[in-house]
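Step one of this worksheet: look at the structure below.
FYI, it's all coordinate maths here, none of it is from the lab. Source: prediction; values computed, not measured. Reconstructed Cβ throughout: ideal geometry from the backbone, glycine too, with neighbour counts over all protein chains shown.
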Amino acid sequence: MIEVDVTSTIRSKVDRKLIETAVRTALGRLKASVSVVVIGDQRMRSLNRDALGHDYVTDVLSFDHGDSPEGRVFEIIVCAPHAAREAKRYGVPEKQEVARYVIHGCLHCVGHDDHSESDRAAMWKLQEKHVRKLFGASYRQPN
């Protein structure tokens, strides 16, 4: 069973149901507790700097906090303004871009990586498979 908690620190409306479904789509039958936090640019830049030493806004951060009696404990942090900019840039709906970030973060938590070109391509293929499954006929391929 996957338990999902979605919180937001931004003023815009967040589609909690879509985020929960994205987590469940990416993680399948894994037993896990997942916290998804939707934040703005300033907070994301600060977290990215503190966690990874990168002083810029990024799309998503993911943390695997290990095992608990309830299963794995994951934290996914998504930058909504970044998703909005990238959605416009790539010609996809903003909700789809947010879901893509959530799925991407979940994949990192279960061991997928995107540091090499081959790993990046494999992870992108799996990520997009999940995004297509989630959005069905309304899926839009990024430009």
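General remarks:
- Note on region 1-48: among residues that are over 19 Å from ASP64 (Cβ atoms), small (Gly, Ala, Ser) and over 15 Å from the mean Cα position of the chain (by Cα), the one that is surrounded by the most Cβ atoms within 10 Å (Cβ to Cβ) is SER46.
- Tally, over region 62-103, of residues that are in a strand (DSSP E or B) and not aliphatic (A, V, I, L, M): 12
- Of the residues screened, ALA137 is not one that is under 21 Å from VAL4 (Cα atoms) and of a type in the set (A, V, I, L, M).
- If you go through region 39-61 and keep only what is outside any helix (DSSP H, G or I) and either closer than 15 Å to ILE10 by Cβ or out of contact with any helix residue (DSSP H, G or I) (no Cβ under 9 Å at 6 or more places or on another chain) (or both), you end up with ILE39, GLY40, GLY53, VAL57, ASP59, VAL60.
- Looking only at region 84-143, and only at residues there that are of a type in the set (Ser, Thr, Tyr) and under 22 Å from ARG24 (Cβ atoms), the one that is surrounded by the fewest Cβ atoms within 10 Å (Cβ to Cβ): SER138
- Scan of region 16-51 for residues that are under 11 Å from ILE2 (Cα atoms) and touching a strand residue (DSSP E or B) at 6+ places or on another chain (Cβ under 7 Å), ordered by number: GLU20, VAL23, ARG24, LEU27, LEU30, LYS31, ALA32, SER33, VAL34, SER35
- Scope region 104-118; condition in a helix (DSSP H, G or I), under 23 Å from ARG72 (Cα atoms) and not hydrophobic (A, V, I, L, M, F, W, C); matching residues: HIS104, GLY105, HIS108
- Yes/no for PRO69 being in contact (Cβ under 8 Å) with a residue 60 or more places away in the chain and either hydroxyl-bearing (Ser, Thr, Tyr) or surrounded by fewer than 17 Cβ atoms within 10 Å (Cβ to Cβ) (or both): no
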